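Below is one structure, written out as structure tokens; comments come after it.
What follows is calculated from the coordinates using simple rules that are stated; it is not laboratory data. Fair warning: this is a prediction, and the values are worked out from it, not measured in the lab. We place every Cβ from the backbone using ideal geometry, glycine too, and count neighbours over all the protein chains shown.
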Amino acid sequence: MLTGNIRTQIDQIWNAFWSGGVSNPLSVIEQLTFLLFIKRLDEIHTREESKAEMLGQPMERPIFPEGADDKGEPYENLRWSRFKNFEAREMMRVVDEHVFPFLRQMGEEGTSYGTHMKDARLGFSNANLLSKVVQMLDDIPMDDRDTKGDVYEYMLGKIASAGQNGQFRTPRHIIQLMVHLMAPTPQDVICDPAAGTCGFLVAVGEYLRTHHPGMLRNKELRDHFHNGMFHGFDFDSTMLRIGAMNMTLHGVENPDVSYRDSLAEEHGSDAGTYSLILANPPFAGSLDYDTTAKDLLKIVKTKKTELLFMALFLRLLRTGGRAAVIVPDGVLFGSSSAHKDIRRMLVEDHKLEAIIKLPSGVFRPYAGVSCAIVIFTKTGVGGTENVWFYNMEADGFSLDDKRAALLDAEKLGPIPDEALTEGEHAKNNLPDILSRWTSLEAEADRARTAQSFMVPAADIIATDSWDLSLNRYKEIEHEEVDYDTPEEIIAQLRALEAEISSGVDRLEEMLAE
């Protein structure tokens, strides 16, 4: 949990960029990512130095070599702990002419630390701004993993307020809900094929640290956590850098955050690899057949990206693998043959478990599209018996562009600090969703007029279109109404007739004048 003082320090850094002429929030977070990466390299090198000194042995993995670079600058000056003390213009010279070329060289060499730094550039030329930001970052206490992660999450939160850039950020409380619904285990192999800032992967890491604390004391599980568990793909180099830094600052040493156009490239190398997929892929796009991966077109012949991503999830999951993904409502009831094919596969060929309808304002201010969370298990042999539907009406925040919190912080999210009252539930449905998910047997007895209910697979198949829209199955509870007698209705109609006749007469008089 960040203190108010740290939040103020981060806000001041953001304001410094703004005043210095760097106003695009995505550019700001990219430059901060570079600087935090440079600071992180110095921390790793310092740790290796201490280890070598303690053991009386040479350094195993030095980051900064001895001697000087090809321009004659001592590598020692490229370290954060050294150049942070330089005068502003000298700091700018060292960072721009030596540190960033060093980062790009690391990227070209393919080191695990520098994978996403091939095109790293300092995005401003104001020496005073660089000096000020370096000093401000150095003043923020980021000694422990939790604080580092929270600081970066707070910075990323500022992207969401930046119009179109918000597409890269799924609301954190929705991510947490999906992670808790899936309850990942230390043995899982997890993938987000549209990773963005790696919010889903970060949330899984935090969930595992909380719910399986002994995991990191087991060598095999610890190695899996740091090197084999997390896989995130994107085709935006800025997002890859941001996502990789997000994972690093949250304590995952070597995640697989890599470049991939998930819908265009063939998936033979990792088909059937992952046991859990969590994703919020791009909506409403369209691809040409000749630029789409042929193995996906074999699953579903379509140009629509939201359907291709559903085919991708089925392709990447191993048998028995689970998925919780966000889709636009059109996937649930679209009438094209491709829409129907995807729904038929989920219901008849695999095990569809839940459809959680989200409020239409959940992605505001940058999108008002209606969406749902789809939860399923890949089986290849069917298994759908009943599908659980939940109509989420409130997520704890206003559904307008402001997205203001409707409850105190301790009562927000899927795991509030204390139980919610009935009135508070009306403002935050997430705890109720999680509670009902863990006891689905009881949901079978709920009427379809309730906020959540079960629908047998046979009812879905009987629609002939495998319709998965909640409104198709929800029933409305009718109240008894005292209808007027025929005599009363006739009297009302005559009174209305007289009113109309009078109005026509007045209008004719006005026209005659």
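Could you run the Karplus curve 6.51 cos²θ - 1.76 cosθ + 1.60 with θ = phi - 60° over the range 456-461 and give me ³J(HN,Hα) per residue in whole Hz, x for Gly and Pro?
x, 4, 4, 5, 5, 5
Restrict the search to the range 206-282; then list the trypsin sites (Lys or Arg not before Pro) that DSSP places in a loop and that have at most 12 other Cβ atoms within 10 Å of their Cβ.
Working: sites: Arg209, Arg217, Lys219, Arg222, Arg241, Arg260; in loops: Arg260.
In loop regions of the range 206-282 (DSSP not H, G, I, E or B), there are no sparsely surrounded trypsin sites (Lys or Arg not before Pro).
Return the sequence-ordered ³J(HN,Hα) values of the range 384-397 in whole Hz as given by the Karplus equation 6.51 cos²θ - 1.76 cosθ + 1.60 applied to θ = phi - 60°, using x for Gly and Pro.
Here the 3J(HN,Hα) series is 6, 10, 9, 10, 8, 10, 9, 9, 6, 9, 8, 10, x, 10 Hz.
So for the chain, taking the charge dipole from beta-carbon charges (+1 Lys/Arg, -1 Asp/Glu), which of Met117, Gly330, Tyr274 sits furthest toward the positive end?
It is Met117.
Any idea what the relative contact order of the chain is, in percent, if you count C-alpha pairs under 8 Å spaced at least 6 apart? Kindly include the intermediate steps, with their values, before the conclusion.
On the way: 783 pairs, mean separation 49.2, N = 513.
Value for the chain: 10 percent.
Kindly count the pairs of lysines across the range 317-454 whose alpha carbons are less than 20 Å apart, treating pairs on different chains or eight or more residues apart as eligible.
For the range 317-454, qualifying lysine pairs total 8.
What is the range 357-414 by shape, rounded, prolate or oblate, if you read a ≥ b ≥ c off the alpha carbon gyration tensor as root eigenvalues and call it rounded for a/c under 1.5, prolate for a/b larger than b/c, and oblate otherwise?
Details: a/c = 3.32, a/b = 2.08, b/c = 1.59.
Verdict is prolate for the range 357-414.
Return the long-range amide H neighbours of Cys371 (sequence gap of 5 or more, or a different chain), with a cut-off of under 5 Å between placed amide H atoms.
When sequence neighbours closer than 5 places are left aside, the close amide H contacts are Asp329, Leu358.
Given [x] 40, 28, 24; [y] 51, 30, 23; [z] 52, 27, 19 as candidate values of semi-axes √(5λ) of the Cα gyration tensor in Å, which corresponds to the one derived from the coordinates?
Recomputing semi-axes √(5λ) of the Cα gyration tensor in Å here gives the entry labelled [y].
May I ask for the percentage of alpha-carbon pairs in the range 6-107 that lie more than 25 Å from each other? Spell out each step's value before the answer.
On the way: 1486 of 5151 pairs.
Of the Cα pairs, 29 percent sit more than 25 Å apart.
Residues with amide H under 5 Å of Ala68's amide H, sequence separation 5 or more or different chain, H placed in the peptide plane at 1.01 Å from N; which?
Hits under the 5 Å cutoff: Tyr75.
Quick one: if the Förster radius is 45 Å, what FRET efficiency do Ser19 and Tyr289 give, using the C-beta to C-beta distance and rounding to 0.05? Walk me through the intermediate numbers first.
Values: r = 49 Å, r/R0 = 1.09.
Computed FRET efficiency for Ser19 and Tyr289: 0.35.
If the only charges are +1 at each Lys and Arg Cβ and -1 at each Asp and Glu Cβ, what is the size of the charge dipole of the chain around the Cα centre, to the nearest 20 debye?
Here the size comes out at about 1940 debye.
What are the GluC sites (Glu not before Pro) within the range 24-129 that DSSP puts in a loop, where the Cβ has at most 13 other Cβ atoms within 10 Å? Before the final figure, lay out the partial values.
On the way: sites: Glu30, Glu43, Glu48, Glu49, Glu53, Glu60, Glu66, Glu76, Glu87, Glu90, Glu97, Glu108, Glu109; in loops: Glu60, Glu66, Glu87.
For GluC sites (Glu not before Pro) across the range 24-129 that sit outside H, G, I, E and B with at most 13 neighbouring Cβ atoms in 10 Å, the list reads Glu60, Glu66, Glu87.
Enumerate the whole-percent occupancy of each 10 Å bin, from 0 to the last occupied one, for all C-alpha pair distances of the range 164-462.
The distribution over the range 164-462 is 6, 27, 37, 24, 6, 0, given as percents.
R0 = 45 Å: FRET efficiency of Glu90 with Leu297, Cβ-based, nearest 0.05? If you can, show how the numbers build up before the last one.
Numbers: r = 57 Å, r/R0 = 1.26.
Once rounded, the FRET efficiency stands at 0.20.
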